[in-house]
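A quick write-up on the structure given underneath.
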Amino acid sequence: MSKKANTNSALHEKDGIPQPESINKSSVEKVMLRRRNQPSAKELIAGILAQDKVALSRAITLVESTNLDHLVKANEIINGCLPHANKSIRIGITGVPGVGKSTFIEAFGKHLTSMGKKVAVLAVDPSSTISHGSILGDKTRMEELVKDENAFIRPSASGDTLGGVARKTRETIILCEAAGFDTIIIETVGVGQSETAVHSMVDFFLLLKISGAGDELQGIKRGIMEMADTIVINKADGDNVAKAKLAKTEFNRALHLFPAKSSGWIPKVTTCSAFEKTGIDNVWKIISEYIELVKGNNYFDEKRQNQNQFWMMETINEQLKNHFYNHPEIITLLEQNKLDVASNKKTPFSAALELLSKYFK
């Protein structure tokens, strides 16, 4: 068979259409140019005060960065925004995974924006203890709220911080308030007893529950139940309505076992269906009643003052811890002491005291 005949056979592969490049060179050039032309702290502050969401996002990225070069710029932005902050209602929302936090927040957020409010959602995603990565899928789950002009959603990785609250959430709240958001919602990972971190940075703490999953028994436990200002039983729809009403009764009974709150507020229990968007208006009514009470008896301002002092102490503790572990001599001695402790040559306590003594010399 000739060469020409062979190329015309059914087994011959014809030349196809050339595949386009997977990366748009023009887009890459624009991204690189934008990275080179980083806005100054003053430009970002001006953008935040002008309610520019892009400037707000870029500023939050700086605040969350662990790069020491970004720290100075981030602090300048925070200090520039601080005089324009503290004009919002801060709401913490927690609950076990699967309780419907994202669905509830979307329905609740849409209800607030329909009233003319500006809502910022700081959604904290759990970080893997193995890969240290996070999915950060809250914008995907809240597909309606993310398109709302009066809403801003910022997912962040929890890292290893207490309560699943991102390390810089406290500072991010300040930036969102300066950008004109009057309602700040913090969604936590929902890991139970360690939710004290989010409780220490919000005005109102909302605990989401579901019925028919043994959750009613948790009502007799302390910890997170004592911190809650209201309990909302979600998924009260379909065949679950009767169970939700029963759970409401059980939780109301349980709340009477706890001592009175220093705010003078009596925690309430209500039901809702985030899926059917029923009962959402009642949740906001309860929050409004609480805010009216605590502002009237000055507890609102006292709580914020105490929170500011608490986070000052937490920042000191964090900085001391970071400085300790980054100390050149400690880095060397720490590994040796780990080996000594593992081989029972030293007790954990004596090894720790030795390291601390070396650090404070």
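Quick note: the coordinates plus some simple rules give every number you see, no bench work behind them. In this text, all values refer to a predicted model and were calculated from it rather than measured experimentally. Every residue, glycine among them, receives a Cβ derived from its backbone with ideal geometry; neighbour counts consider all protein chains shown.
Before moving on, here are some points about what is shown:
- Region 34-84: radius of gyration over Cα atoms, expressed as a fraction of 2.2 N^0.38 Å: 1.03
- Under 5 Å, built H, 5+ apart or other chain: amide partners of residue 118: 182, 183
- In sequence order, region 347-361 has phi-based couplings of 7, x, 6, 5, 5, 5, 5, 5, 5, 5, 4, 5, 5, 8, 6 Hz under the Karplus curve 6.51 cos²θ - 1.76 cosθ + 1.60, θ = phi - 60°, and Gly or Pro positions carry x.
- Residue 269 long-range amide H proximity, modeled H, under 5 Å: 231
- Highest to lowest packing among 176-185, 319-328, scored as the average C-beta count within 10 Å: 176-185, 319-328
- D by Stokes-Einstein for region 314-361, Kirkwood Rh over Cα pairs, 25 °C, 0.890 mPa s: 218 µm²/s.
- Sequence-ordered 3J(HN,Hα) estimates for region 272-282 from the Karplus curve with 6.51, -1.76 and 1.60 and θ = phi - 60° stand at 7, 10, 5, 5, 8, 6, 10, x, 5, 4, 5 Hz, glycine and proline given as x.
- Estimated dipole of region 248-361 in Debye, rounded to 20 [Cβ of Lys and Arg +1, of Asp and Glu -1, Cα centre]: 200 debye
- Computed extension gain for residue 76 through residue 143, at 0.36 nm per residue and net of the alpha carbon distance, reaches 20.8 nm.
- Annotation: amide H-H contacts under 5 Å for residue 278 (H modelled 1.01 Å from N, sequence separation of 5 or more, or interchain): 273.
- Cross-link pairs exceeding 29 Å between alpha carbons, from the set 147/168; 87/235; 110/295; 42/321: 87/235; 42/321.
- Expressed per residue, the C-alpha convex hull volume of region 210-359 stands at 200 Å³.
- Pairs of Cα atoms in region 32-123 fall into 10 Å distance bins, from 0 up to the last occupied one, in shares of 13, 37, 30, 19, 1 percent.
- Projected over all directions and averaged, the alpha-carbon convex hull of region 245-328 occupies 9.1 nm².
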